[in-house]
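The values are calculated or read from the model by the stated rules, or taken from the named source; none is laboratory data. No experiment lies behind these values; they were computed from the predicted model shown. Every residue, glycine among them, receives a Cβ derived from its backbone with ideal geometry; neighbour counts consider all protein chains shown. When the accessible area is computed, the model is the full protein with side chains, heavy atoms only, and any ligands, DNA or RNA have been set aside. Shrake-Rupley method; radii C 1.70, N 1.55, O 1.52, S 1.80 Å.
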2 protein chains.
Amino acid sequence: MNPRVFKGARDFLPEQMLHRERITSVMRSVFKKYGFAPLETPAIEYLDTLTGKYGEDADRLIYRLDYKIGSKDAAALHYDLTVPFSRVMAMNPHLAIPFKRYQIQPVWRADRPQPHQGRFREFTQCDCDVMGTKSMVVDAELIAITYEVLKVLGFENFLIKINNRKILNGLTQYAGLTAEFTGEICRSIDKLDKAPWEEVEKELEEKNIPKTAIEKIKALLLGKNLSIENLRIAFANIPLALEGLDELTEIFKLLEIFEIDSKNYTFDLSLARGLDYYTGPIFETKLPLHPHIGSLTGGGRYDELIGLISGKEMPAAGISLGLDRIYTAMEQLNMLSDIKTSTKVLIANFSSETYVPSLQLLHQLRAIGIPTEFFPEQAKMKKQFSYADKLSIPYVLILGEEELKMGKISLKEMKSGDQILIEINDIEKEISK
Amino acid sequence: MNPRVFKGARDFLPEQMLHRERITSVMRSVFKKYGFAPLETPAIEYLDTLTGKYGEDADRLIYRLDYKIGSKDAAALHYDLTVPFSRVMAMNPHLAIPFKRYQIQPVWRADRPQPHQGRFREFTQCDCDVMGTKSMVVDAELIAITYEVLKVLGFENFLIKINNRKILNGLTQYAGLTAEFTGEICRSIDKLDKAPWEEVEKELEEKNIPKTAIEKIKALLLGKNLSIENLRIAFANIPLALEGLDELTEIFKLLEIFEIDSKNYTFDLSLARGLDYYTGPIFETKLPLHPHIGSLTGGGRYDELIGLISGKEMPAAGISLGLDRIYTAMEQLNMLSDIKTSTKVLIANFSSETYVPSLQLLHQLRAIGIPTEFFPEQAKMKKQFSYADKLSIPYVLILGEEELKMGKISLKEMKSGDQILIEINDIEKEISK
């Protein structure tokens with residue numbers, strides 16, 4: 001047997017998992033503070049639940065099971081968490097509205113994996129969605145959650161970009177084009193954070209956007225006074241755009257009430273987001289000093305998607321926090337300590353004579369909540385120290401015959417190599433120094 | 001579209017998930033205290049990693065993907081967590097030995113689902129395994145972990161049954177049979193906790209076990225003095241059985257050191273466990289007062305399985321805690337409170353005049369860590385109270401114009417219906433009563 005990991009998937013060893021568990025635990029506690037409750041759906045869904053929701057390209061990336069292929073019971077792995085959540089809403093009309101749920105689970109995409117760009121076939125999505133209200137309080141809360149999670153994790157220089165699909169629709173109209181061009185224009189100007197205007201302009205020309213329209217878009221996007229107030233003047237005759245601007249004004253007022261540091265968010269007319277289903281405010285978090293890391297989070301309002309799936313109209317907004325992206329960013333920014341275990345103390349297995357008292361000590365330390373291990377083999381001390389060293393366990397306790405006679409124990413601090421003789425009752429005090 | 005859940009899988013709504021998250025969080029903290037570190041492997045494995053490890057019957061239950069079928073890259077969903085863990089061990093020879101990992105993930109089995117007996121196609125396993133040592137300290141620690149998790153969750157009358165495959169092999173020899181009969185005999189006597197001896201005897205007869213052998217087994221199993229010491233006399237000439245008895249003696253001594261209440265564990269010669277790969281001590285937890293709830297946990301030592309998978313000899317022992325079984329048991333024993341959210345306070349959306357101060361109050365409560373929601377719509381008070389009621393949110397805060405003038409707020413305790421007028425600064429004190 002030649003053991004290997006499925007291409008595009010990953011094993012997470014303790015040194016990664018300890019951090020991943022901490023990140024999701026921070027998310028869970030912030031989500032709960034904002035009134036979100038956990039939900040889980042199966043990895044396996046009937047194929048017809050998933051197809052026809054994401055667009056043709058995405059449908060091809062759904063992992064199908066070798067199970068009743070071609071029948072109505074054909075099954076597949078979920079592609080995201082939004083569609084399964086919508087199915088739950090459709091099946092559970094008794095749920096209190098607004099329904100605020102978070103969901104942290106893996107999703108699968110039969111994509112060409114690009115590990116260096118953080119693109120995998122199996123990865124974890126951490127979603128927060130609210131269904132049943134058009135209130136901008138929800139959109140502002142989703143931004144506040146993004147902000148708080150990143151702050152608690154230790155991020156400083158992140159930027160939450162905020163825009164509104166209604167404004168982008170308005171931009172198309174403003175340029176004298178019909179609504180159908182909005183998608184093409186969005187996809188091009190979305191590149192402005194990585195490419196110069198000239199490139200975007202060339203792309204628009206290739207898409208046969210008239211020169212006059214391109215000029216109008218350029219004047220707005222590159223204009224020095226690109227503010228919501230100025231856009232209100234430019235879009236004075238485009239009601240949908242004005243509605244979008246009002247929504248953002250409301251959100252920014254709420255972000256002030258929520259004391260979100262204004263250096264961490266901004267209005268960005270060039271933010272468009274990839275998914276087609278957004279209808280209102282959209283947001284995305286970048287690290288401006290590390291543009292190669294990609295977006296840490298993304299989200300927005302999608303008032304029409306649920307109706308499409310459940311047949312019942314249901315406004316909705318949500319965010320997805322990228323566990324893998326956030327982990328990679330923290331790794332690259334040296335925000336992750338080098339840990340391989342939670343164990344604080346290793347009790348050495350010294351001799352048969354001290355076996356029982358060593359195990360009593362083990363029990364004593366665990367009883368007061370200290371993560372402790374006992375080396376199970378009566379191996380050479382060198383081997384036992386090497387184990388502690390490999391796992392970066394900070395302390396090794398030795399209860400040899402000498403120590404036993406004196407009623408004391410030897411405590412070795414692994415980093416400094418210092419070894420001291422202490423009273424058994426002083427252990428807690430010593431290791432919490 | 002007719003929305004439905006994949007047969008044999010389940011959605012977990014907040015009222016279940018909040019408890020499930022608490023149960024796994026208790027497990028994680030106990031696992032860590034005993035020196036275990038988290039590990040995760042992908043849901044998708046190459047098919048050849050999985051097949052040929054569990055036996056033919058189980059191989060048929062592996063969910064295959066509709067992906068490169070028939071090629072060496074054919075893929076499938078993992079059937080358990082032990083085989084993927086063994087693959088990780090084979091691929092990462094640098095890991096410090098003994099390696100102690102826990103792993104909490106869903107597994108998939110293309111079985112006929114029997115929800116009433118707790119048999120699903122997708123369910124969560126919570127595994128703790130140690131690789132690289134034959135020390136009985138590990139086996140005793142696994143029993144201690146089982147005990148501690150169940151105690152912390154509030155279980156009282158559970159019984160951890162303990163036996164040893166070496167003793168069961170000895171029993172077969174003692175009855176005058178060759179080792180090949182051990183499996184058949186184990187499967188029959190394993191039923192003694194549900195069926196009377198007569199039934200087991202009949203089954204053994206049908207398996208063509210000689211009458212004299214059955215009599216010897218009966219005398220031992222039903223004998224009044226079935227103790228480890230008495231078995232030592234009966235098995236005096238069977239070295240393997242004596243080894244098994246010595247191992248249990250060692251484990252029981254360790255359980256005393258770990259202060260495990262003796263009413264919660266017992267030696268049980270009739271415990272056999274289903275899986276073929278066990279080689280030493282085996283354990284299983286039952287609720288004797290609720291025999292229909294099946295085993296909450298199970299595990300044992302399997303010193304030969306890893307060699308089979310990785311080609312490298314590696315003693316191992318592990319336990320699997322059944323999240324679904326534990327949840328079902330807690331539900332049936334009324335150990336689960338009726339919760340649908342973590343939200344402690346709902347701030348009513350009273351009027352446009354009090355909108356901003358209400359949101360300031362929302363931010364204030366969240367800042368001191370109180371899970372708080374603001375009703376996003378300016379709906380009728382009745383509707384807002386009904387929302388709090390449906391989710392069992394304990395408090396509703398109302399900041400109306402009157403309250404605003406007085407600089408106070410109305411606090412309604414939903415259970416009693418009592419409404420009092422309080423100072424803003426007294427909220428924390430009031431709701432923590």
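Taking amide H positions as modeled 1.01 Å from N, with prolines and chain starts lacking one, the residues under 5 Å from B:A37 and 5 or more places away or on another chain are B:K100, B:R101, B:Y102.
With charges set only on the Cβ (+1 for Lys and Arg, -1 for Asp and Glu), what does the dipole of segment A:345-431 come to about its Cα centre, in debye to the nearest 20? Dipole size: approximately 280 debye. Amide H to amide H, with H built 1.01 Å from N, A:I370 comes under 5 Å of no residue 5 or more places away or on another chain.
In the calculated pair distance distribution of chain B, what percentage of Cα-Cα distances lie above 43 Å? Mind dumping the intermediate values first?
On the way: 28064 of 93528 pairs.
Cα-Cα pairs of chain B separated by over 43 Å account for 30 percent.
Residues in segment B:345-431 average 49 Å² of solvent-accessible surface per residue, probe 1.4 Å, ligands and nucleic acids excluded. In the complete set of protein chains, residue-level accessible area for B:I424 is approximately 60 Å², probe 1.4 angstrom. For segment A:114-198, trypsin sites (Lys or Arg not before Pro) are listed when DSSP marks them as loop and at most 13 other Cβ atoms sit within 10 Å of their Cβ; the list is A:K194.
With the convex hull of its Cα atoms as the shape, the protein assembly as shown has an orientation-averaged projected area of 42.0 nm².
Taking amide hydrogens as placed 1.01 Å from N in the peptide plane, the amide H of B:R119 sits under 5 Å from those of B:Q114, each at least 5 positions away in sequence or on another chain. With R₀ set to 51 Å, the beta-carbon distance separating A:S432 from A:T328 gives a calculated FRET efficiency near 0.95.
The alpha-carbon of A:K202 sits under 26 angstrom from the alpha-carbons of these lysines, leaving out residues fewer than 8 places away in its chain: A:K161, A:K166, A:K191, A:K194, A:K211, A:K216, A:K218, A:K224, A:K286. Applying the Karplus relation 6.51 cos²θ - 1.76 cosθ + 1.60 with θ = phi - 60° to segment B:184-190 yields 3J(HN,Hα) values of 4, 5, 4, 4, 6, 6, 4 Hz, where x marks Gly and Pro. Restricting attention to chain B, close to 80% of DSSP beta bridges with both partner residues there are antiparallel.
Out of every Cα-Cα pair that segment A:345-431 contains, those further apart than 16 angstrom amount to 46 percent.
Taking the 1.4 Å solvent-accessible surface of the protein assembly as shown as the whole, the part contributed by carbon and sulfur is 50%. Residues in segment B:24-30 carry Karplus couplings, in order, of 5, 5, 4, 4, 3, 6, 5 Hz; the curve used is 6.51 cos²θ - 1.76 cosθ + 1.60 with θ = phi - 60°, and Gly or Pro positions show x.
D by Stokes-Einstein for segment A:159-286, Kirkwood Rh over Cα pairs, 4 °C, 1.567 mPa s: 87 µm²/s. Spin-label model, A:L61/A:S351: points 7 Å from Cα along the beta carbon direction are separated by 6.4 nm. In chain A, with Lys and Arg counted as +1 and Asp and Glu as -1 at Cβ, which of these residues, A:T41, A:V5, A:G170, has the Cα nearest the positive end of the dipole, that is, farthest along it? In chain A, that residue is A:V5. Considering only A:I398, B:S262, A:I160, the residue lying farthest towards the positive end of the dipole of the protein assembly as shown is A:I160, judged by Cα position with unit charges set on Cβ. On a C-alpha basis, how far is the centre of segment A:233-255 from the centre of segment B:314-370 in Å? Whole number, if you could? Distance between centres, Cα-based: 35 Å. Once each part is reduced to its C-alpha centroid, what is the distance from segment B:378-433 to segment B:118-173 in angstrom? Cα centroid of segment B:378-433 versus Cα centroid of segment B:118-173: 48 Å apart. Relative contact order for chain A: 15 percent, from Cα pairs under 8 Å spaced at least 6 residues apart, divided by residue count.
Annotation: A:V5 carries an accessible surface of approximately 40 Å², with a 1.4 Å probe and no ligand, DNA or RNA atoms counted. Interface burial in segment B:367-387, defined as at least 50 Å² less accessible area with all protein chains than with the chain alone at a 1.4 Å probe, covers B:P376, B:Y387. When accessible surface is computed with a 1.4 Å probe, chains A and B are found to bury approximately 8200 Å² between them, both chains counted. Using θ = phi - 60° in the Karplus curve 6.51 cos²θ - 1.76 cosθ + 1.60, the 3J(HN,Hα) couplings for segment B:312-328 round to 10, 5, 7, x, 7, 8, x, 10, 10, 9, x, 4, 5, 5, 4, 4, 4 Hz; x is entered for Gly and Pro.
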